1. Find how much the distance from residue 190 to residue 82 grows on full extension, using 0.36 nm per residue of separation minus their present alpha carbon separation; answer in nm with one decimal.
2. Between helix 152-164 and the chain, what is the angle of the helix's C-alpha long axis to the longest principal axis, kept within 0 to 90° and rounded to the nearest 10?
3. Determine the share of the chain's accessible area contributed by carbon and sulfur atoms, expressed in whole percent, with a 1.4 angstrom probe.
4. If you count only protein heavy atoms and use a 1.4 Å probe, how large is the accessible surface of residue 207, to the nearest 10 Å²?
5. Please list, by residue number, every one of the chymotrypsin sites (Phe, Trp or Tyr not before Pro) in the range 72-131 that is coil in DSSP and has at most 16 other beta-carbon atoms within 10 Å.
6. Regarding the range 7-219, what's the average projected area of the Cα-atom convex hull, expressed in nm²?
7. Any idea of the accessible area per residue across the chain, 1.4 Å probe, to the nearest Å²?
8. With a cut-off of at most 16 other beta carbons within 10 Å, and DSSP calling the residue loop, which GluC sites (Glu not before Pro) in the range 75-183 qualify? Please list them.
Amino acid sequence: MREKKKYVLAFNSSPRKEKGLTAMVLERFMAGAASAGAETETVYLAEKKIADCLGCIHCWFKTPGTCRHKDDVPELHAKMSRADVLVYATPLYICSMNAIMKRFLDRIMPLAEPYQHYDDGVCSHPRRNGNRGGQRTVLVSTCGFPGLRNFDPLVLTFQRMAEVGGSELHASILFPSSALLARDPSPAAEQLEYVFRAGKEAVGDGISEETKAGYSRPYVDPKEYVEEMNALFRALRERAGDSG
Ligand SMILES: Cc1cc2nc3c(=O)[nH]c(=O)nc-3n(C[C@H](O)[C@H](O)[C@H](O)COP(=O)(O)O)c2cc1C
């Protein structure tokens, strides 16, 4: 019997959508998954109608599993329940995910039961019936500053979020110094090739430690990058008639 095609679903929250740098990295991952025979889909959250969570908790007690808002979120949740690999792709904004991603994630409550499960210091919610869960979850992010430590609060948030849902974050694909990718991504070509490999492996036995180390390797000297960026910013300010 032929194996069912794996479905890889990505949510990209950059307002710059397919023109953004997060998309550049994500595209490599999705291409890798597609090359391994997976069905892939990228949803640009900026194109979707996503209302703010009202905090009323109707989705737990008054209308269990259903939010009061009539917007695009239920359609996105339906896609999630079918996914084998779920990718959250966000630009780093003020040390964390951007507001578009956060607004979407705040609406995740209808997928969980209110009940709490406590085990050895970890508290989690069981998933609601019909919400299959158990997908491989992957985080993709890019940021302007050099160095992976800029992503620490973001990674911690996604790790903890996975834990609350009773699973774990499978991998974090993080590209700092993103202005370099905008100008000429060739210094990061090898790292991007590892992202392609990660996409392939994510629909197989899982992303290997070797692949994770491969895409996490630095591709720029932080001091040189900062100097170069500052020279560029000064030139842009001068062009705008402001030399201050
Ligand atoms: C509002 C805003 C906040 C940002 N905050 C950070 C930050 O805290 N740290 C950082 O390194 N880069 C920060 N950046 C830079 C972005 O993370 C970076 O340019 C990213 O690659 C943009 O991805 P995109 O092109 O997919 O939108 C910020 C950019 C914006 C617009």
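1. The residue 190-residue 82 span can extend by a further 35.7 nm.
2. In the chain, helix 152-164 runs at an angle near 10 degrees to the longest axis.
3. Answer for the chain is 53 percent, counting heavy atoms of protein chains only.
4. 10
5. Sites meeting the loop and neighbour criteria: 115.
6. Projected area, direction-averaged: 11.8 nm².
7. Accessible surface, normalised per residue, equals 55 Å².
8. Hits after loop and neighbour filter: 168.
The values are calculated or read from the model by the stated rules, or taken from the named source; none is laboratory data. In this text the structure is predicted, and so the values were computed from the model without any measurement. Cβ: placed from backbone, ideal geometry, glycine included. Neighbour counts: every protein chain shown. The protein model used for the area step is the full one, side chains on, heavy atoms only, and it has no ligands, DNA or RNA in it. Shrake-Rupley method; radii C 1.70, N 1.55, O 1.52, S 1.80 Å.
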